[in-house]
Ligand SMILES: Cc1ncc(COP(=O)(O)O)c(C=O)c1O
């Protein structure tokens, strides 16, 4: 074992790690570099990262094309708000994403995480009804075993009993939760619930194709459509 790095004490004293009980967690491993699928530790050991830093490095660490694009962009213009302003990278990416989307989903609203994307989508659904002059449609229907993120509104549409969010039950807005319809009975229950709550429902939220965090449960394509 090599000596402790000079910043490790700062990490132990000042960093609050996600999904971690800091009172009992073992000391976190100090990372000094990455390459491809590998994470290099301060003592020279290497890890193979099989979860791509929670899916954020799905093309591998230090991908030359991505690193070049980041460096080039940082030199030209690291960030500018989209408040009344637009720029070429945002326009090009929005167009590429829009061409992948079905139907008339032709506009892209950028956010910085999946949870915030869900918050934004939920607010858009609520605002849609308000803009139609319809009051009171601000509840959501979601499906058991679903996972939509860690911010408050996103948590409210996750599975209410499973996983880490159940402790926050009293804090979250109660939503409607059903089993994902897998047969005719399930579909009938879904339609009955929609009908019964149509005056208060803003939208239905579900993970397209597969419930990832809920256990890689694939939806039936026919039920989805
Ligand atoms: C379907 C789905 N929605 C939302 C999220 C939340 O994304 P983030 O962790 O970027 O906030 C996740 C994360 O795994 C997800 O799988």
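None of the figures in this text is laboratory data; all of them are computed from the coordinates on show. This one's a predicted model, so the numbers in the text were calculated from it and none came from an experiment. For neighbour counting, all protein chains shown are included, and Cβ atoms are generated from backbone atoms with ideal geometry for every residue, glycine included.
Below is a table of values for the structure above.
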quantity: Matching residues in region 45-75 - criterion: being at positive phi, within 16 Å of the ligand (Cβ to nearest atom) and touching a strand residue (DSSP E or B) at 6+ places or on another chain (Cβ under 9 Å); calculated: 52, 53
quantity: Residue pairs meeting the criteria (Cβ under 7 Å; at least 6 apart or on separate chains; first without any contact (Cβ under 8 Å) to a residue 40 or more places away in the chain, in region 33-62; second part of a helix (DSSP H, G or I) and more than 16 Å from the ligand (Cβ to nearest atom)); calculated: 59/66
quantity: Restricting region 135-162 to residues that are on the phi > 0 side of the Ramachandran plot and surrounded by 14 or more Cβ atoms within 10 Å (Cβ to Cβ), the residue that is nearest to the ligand (Cβ to nearest atom); calculated: 149
quantity: Whichever residue in region 109-133 is touching a helix residue (DSSP H, G or I) at 6+ places or on another chain (Cβ under 9 Å) and outside any helix (DSSP H, G or I) and, among such residues, is farthest from the ligand (Cβ to nearest atom); calculated: 109
